[in-house]
Amino acid sequence: MICEKILGRLDHIPVNGRKIEYVDIEWHEAFKRIHKKMTETGTEVGIRLDDSVLTRGLYEGDVLYEDDERIIAVHTPPCDVIVVTVAPDHSFMVAKVCYEIGNRHAPLFYGPVENSFITPYNEPMMTMLSKLHGVTVKEEKMTLDFDKRISASVHNHHH
């Protein structure tokens with residue numbers, strides 16, 4: 001089956017007893033136009049979206065297909081992230097943290113509390129951030145919430 005548009009969000013579409021199948025889209029795949037995937041129940045899904053996905057991305061719960069019997073929706077699996085927290089008495093370090101993450105072209109998200117941020121995990125980033133004064137870092141596994149992204153785009157960028 002080919003899915004060519006996002007039909008809405010799962011929390012806004014009536015399920016009415018239909019079976020919901022999920023297709024996993026990793027965070028780093030969310031801004032790609034074309035995918036060939038399988039749902040968790042084995043349905044083969046071809047996803048071919050327009051250019052709007054390059055800036056919007058695919059969110060957890062986006063509905064890609066629906067008929068009388070089933071709905072196919074996006075699931076973004078949890079991934080390893082770095083949760084960065086800037087101490088209240090070092091709030092001037094917020095700019096440094098955001099600069100350093102952005103300078104490495106890494107995605108950046110608002111964290112759960114004030115002056116906290118989330119970025120996908122990689123060892124060099126973890127090492128660099130852990131050396132900043134007044135900044136604590138910890139590795140966690142979580143689903144990235146694209147509604148809380150700070151960076152304009154989240155796709156990988158290479159020079």
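Considering segment 100-110 alone, what residues qualify as being crowded, with 17+ Cβ neighbours inside 10 Å and within 17 Å of the chain's Cα centre (by Cα)? Residues satisfying the conditions are Ile101, Ala106, Pro107, Leu108, Phe109.
Scan segment 27-43 and tell me whether some residue there is open to solvent by less than 80 Å² (accessible area, probe 1.4 Å) and closer than 30 Å to His133 by Cβ. Break it down stepwise before answering.
Taking segment 27-43 first, the residues open to solvent by less than 80 Å² (accessible area, probe 1.4 Å) are 27-31, 35, 37, 39, 41-43.
Now drop any that are not closer than 30 Å to His133 by Cβ, which leaves 27.
Yes, some residue in segment 27-43 is open to solvent by less than 80 Å² (accessible area, probe 1.4 Å) and closer than 30 Å to His133 by Cβ.
State whether one or more residues within segment 129-142 are exposed (fewer than 11 other Cβ atoms within 10 Å of the Cβ) and part of a helix (DSSP H, G or I). So far as segment 129-142 goes, no, none of its residues is exposed (fewer than 11 other Cβ atoms within 10 Å of the Cβ) and part of a helix (DSSP H, G or I). For Phe117, indicate whether it is of a type in the set (A, V, I, L, M, F, W, C) and within 24 Å of Ile25 (Cα to Cα). Yes. Pull up segment 44-82, narrow it to residues that are among the charged types (D, E, K, R) and within 13 Å of the chain's Cα centre (by Cα), then point me to the one that is least open to solvent (accessible area, probe 1.4 Å). Result: Asp62. When segment 14-24 is limited to residues that are at pLDDT 95 or above and of a type outside the set (Lys, Arg), the one that is farthest from Ile72 (Cα to Cα) turns out to be Asp24.
The values are calculated or read from the model by the stated rules, or taken from the named source; none is laboratory data. Source: prediction; values computed, not measured. Cβ coordinates were reconstructed from backbone atoms using ideal geometry, including for glycine residues, and neighbour counts include every protein chain displayed. For accessibility, only protein heavy atoms count, side chains too; no ligands or nucleic acids. Shrake-Rupley method; radii C 1.70, N 1.55, O 1.52, S 1.80 Å.
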